[in-house]
Amino acid sequence: VIVVNGGLVVHPNTCAQVPMNGRKTLLLLLLAWIHPGDGLYFHIGETEKKCFIEEIPDETMVIGKYRTQLWDKQTSSFLPSTPGLGMHVEIKDPDTKIILSRQYGSDGRFTFTSHTPGEHQICLHSNSTKMALFAGGKLRVHLDIQVGEHTNNYPEIAAKDKLTELQLRVRQLLDQVEQIQKEQNYQRYREERFRMTSESTNQRVLWWSIAQTLILIVTGIWQMKHLKSFFEAKKLV
């Protein structure tokens, strides 16, 4: 289980999310020893793709930063940099529409803004087939994903707008409140979808039960008529 700044909790090998209740518990436990600004790293092989799922409210900015390290068989260690090696980033919204698909270098930064609330899929894979050096080897990718108000560079904002320390703090609080409101709206959206799904499931179960009852009644009537005809043919009645 890996925690990324902004609330991402995923297993990189399965591209599966931890359930909501378990995710909150794990987040509280892990935040005790993981700094909220830390990212993660994972290993990928040749032509392998890694995907992560992030639940994002609508109209929320997401910034991802990554850097790659190539495995050196001679020194049995990862090289500090991998010039010439590229990384392809593809992002899909909850409707599986591609909102970003671009080739970057060995180190890169990608940004996008969500327009639909829900699970966004972030996938990365290297152009390893173009590099004989990487063929058959493995690559370490360091990834940091920041969501919402975590994407703001407050020192830069303070310098640009000439804000005092108090004004900057107020700006941070306002951004945090705005992000909390977006999260609350997203939770309401999820609850509404869950309620609609539950109602739809209950209706289907009800109609299926009615259909089963009708089938049993029709089958029983048919069997009674069939038995009556059989007994009449045998002159038993």
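Straight-distance candidates among the aspartates and glutamates for linking to Lys182, with alpha-carbon spacing under 18 Å and chain neighbours fewer than 8 residues away dropped: Glu54, Glu55, Asp58, Glu59, Asp93, Glu119, Glu149, Glu191, Glu192.
Amide H contacts for Gly84 (H built 1.01 Å from N in the peptide plane; partners 5 or more residues away or on another chain; cut-off under 5 Å): Ser106.
3J(HN,Hα) along the range 175-184: 5, 5, 4, 4, 5, 4, 4, 5, 5, 5 Hz, from the Karplus curve 6.51 cos²θ - 1.76 cosθ + 1.60 with θ = phi - 60°, whole Hz, x for Gly and Pro. Computing FRET efficiency as 1/(1 + (r/R0)^6) for Thr164 and Asn185, where r is the C-beta to C-beta distance and R0 is 41 Å, gives about 0.85.
Please give every one of the lysines within straight-line cross-link reach of Lys73, meaning a C-alpha to C-alpha distance under 28 Å, and leave out same-chain neighbours fewer than 8 residues apart. Qualifying lysines at Cα under 28 Å: Lys49, Lys50, Lys65, Lys130, Lys138. Under the combined filter of DSSP loop state and at most 15 neighbouring Cβ atoms within 10 Å, the range 148-237 retains none of its chymotrypsin sites (Phe, Trp or Tyr not before Pro).
For the pair Gln172 and Asn202 in one chain, pulling the backbone fully straight at 0.36 nm per residue adds 6.3 nm over the alpha carbon distance.
A short reminder: the numbers here are calculations on the coordinates, not readings from a lab. Everything numeric in this text was worked out from a predicted model, so none of it was measured. Cβ atoms come from the backbone with ideal geometry, glycine included; neighbour counts cover every protein chain shown.
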